[in-house]
Amino acid sequence: MGMTNQIEEAEVSILHTYNRFPVVFDRGEGVSLYDTEGKRYLDFAAGIAVNSLGYHYPGYDEGLKAQIDKLTHISNLYYNQPMAEAGAKLLVASHMHKAFFTNSGAEAIEGALKAAKKYACSKTGHAGHEIIAMNNSFHGRTVGALSVTGNAHYRDPFEPLMGGVRFADFNDLESVKALVNENTCAVIMETVQGEGGIYPATQEFLEGVRRLCDENDILLILDEIQCGMGRTGHYFAWQAYGVQPDIMTCAKALGCGVPVGAFVLNEKAASASLMPGDHGTTYGGNPFACAAVSKVFEIYQRDMILTHVQELTPYLENALDGLAAKYDCVTARRGMGFMQGLEINGRPVSGIVSRALEEGLVIISAGSNVLRLVPPLVITRADIDEMVRILDRILAE
Ligand SMILES: *Cc1c(COP(=O)(O)O)cnc(C)c1O
């Protein structure tokens, strides 16, 4: 069966919530993907910042297979060792105090919001607290996560969403200050806005929001679902700023392909928020998912993945700056580490993404006019060169 037939078959049974690109991926190797007709692609999307170790990274599959042979699921009514190991490693990497494992990013956000609400409720003795979120943000598609997502297109059909959310402008401290009142329990934001178009927080903004939160006993929730897990050359992007959140959300690359997320709390938030009976999940923290998390941290450590990202970032940035200098339609480069965006003006980004796919390069878009590059963290200089050669050819058209 050719790809066209495979696509038609999928459309028969699968709800059409994505306008997918006309390719059926079959397998991966290193940082290459292959479709069902055997064509090779260089992967600069990593399944949307998930496959940070690429495909079949040494040791990863073996770790997962070993856990499958022991136990894949047991409920949260019991203890399991992979969860304890994964939790310990996540706390070492983040210098936070307690972790709760979820099945996805959106669920990590849901848990973080509940923890913030509960913290405020315990402190004041009443409910009805408010949350400040950012315009142009993205936190996921469940109702709670959508309630703090600053994108009218995603939200409008589903109103009314969770109440008590006010939106400030990212990187505008005064706009956040203006929304604080005695009921504010949390400020939530991505450290680097991803879906919105790759906008890193400014140092001044993140420090300012941290200070504002401290002064008012408001919890700072940093969404590290896309920018975390080494993508910026730090385990978590806020570590580059020297600013620590009270609650952090993590997912995407946490399991490098196994669906898993987490919300992670500092001591203050952990000790006075969610208590037995306040939160739960059937799958979250199951031994299979946590074996993946544990293996990912082990590999990051063993093979110095963060150092690799730090060392190669200037090379990637230079290469992209070269494209920006050469082509008028590339009006800016933004990003941190291996989370980079090229702002495109005067031609549709979707056309560039489609052409790249034809030429054997997987890249994605962000916002309305940004080419997003979130490759596996294990790419080499040669991979960057190949990516630039292909993009150069397409931008010249
Ligand atoms: C992808 C993403 C989410 C949602 O994660 P899912 O696993 O798709 O639910 C939330 N926040 C950010 C910043 C993301 O990039």
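The values are calculated or read from the model by the stated rules, or taken from the named source; none is laboratory data. What you see is a predicted model; the values in this text were computed from it and never measured. Glycine also receives a Cβ, built like all others from the backbone with ideal geometry; neighbour counts cover every protein chain displayed.
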Review point. Of the residues Ala152, Ala120, which is away from the ligand (no atom under 12 Å from the Cβ) and within 22 Å of Ala262 (Cα to Cα)?
Key: Ala120
Practice item. Only residues that are buried (at least 24 other Cβ atoms within 10 Å of the Cβ) and away from the ligand (no atom under 16 Å from the Cβ): list them for region 235-256, please. Key: Asp246
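Could you list, in sequence order, all residues of region 36-86 that are within 22 Å of Glu386 (Cα to Cα) and β-branched (Val, Ile, Thr)?
Ile48, Val50
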Revision key, fill the gap. Reported set for region 263-285 where residues are within 16 Å of the ligand (Cβ to nearest atom) and either more than 12 Å from Ala99 (Cα to Cα) or touching a helix residue (DSSP H, G or I) at 6+ places or on another chain (Cβ under 6 Å) (or both) is Phe263, Val264, Thr281, Tyr283, Gly285
Review point. What helices (runs of 4 or more DSSP H), lying completely within region 286-397, carry at least 1 residues that are closer than 23 Å to Tyr235 by Cβ?
Key: 287-302, 305-326, 381-395
Check your understanding: Hey, among Ile394, Ile363, which residue is surrounded by 22 or more Cβ atoms within 10 Å (Cβ to Cβ) and of a type in the set (Val, Ile, Thr)?
Key -> Ile363
Practice item. Being surrounded by 15 or more Cβ atoms within 10 Å (Cβ to Cβ), touching a strand residue (DSSP E or B) at 6+ places or on another chain (Cβ under 8 Å) and outside any helix (DSSP H, G or I) is the filter here, so list the residues in region 170-182 that pass it. Key: Phe170, Asn171, Leu179, Val180
Check your understanding: Does Met96 satisfy the criteria of being touching a residue at least 12 places away in the same chain (Cβ under 8 Å) and more than 16 Å from the ligand (Cβ to nearest atom)?
Key -> yes
Revision key, fill the gap. The condition from (1) free of Cβ contacts under 8 Å to residues at least 60 places away in the same chain; (2) surrounded by 15 or more Cβ atoms within 10 Å (Cβ to Cβ); (3) within 16 Å of the ligand (Cβ to nearest atom) that Arg210 misses is numbered (3)
Check your understanding: Taking region 351-371 as the search range and keeping residues that are farther than 26 Å from Gly38 by Cβ and hydroxyl-bearing (Ser, Thr, Tyr), which one is modelled with the lowest pLDDT?
Key -> Ser368
Practice item. At least 1 residues that are of a type in the set (Phe, Trp, Tyr) in each: list the helices (runs of 4 or more DSSP H) lying fully within region 76-154 that qualify. Key: 105-124
Check your understanding: If only one of Gln340, Gln310 is in the same structural domain as Val24 (by TED's automatic domain parsing), within 23 Å of Leu222 (Cα to Cα), of a type in the set (S, T, N, Q) and within 16 Å of the ligand (Cβ to nearest atom), which one is it?
Key -> Gln340
Check your understanding: Is it fair to say Tyr18 is over 21 Å from Pro376 (Cβ atoms) and within 21 Å of the chain's Cα centre (by Cα)?
Key -> yes
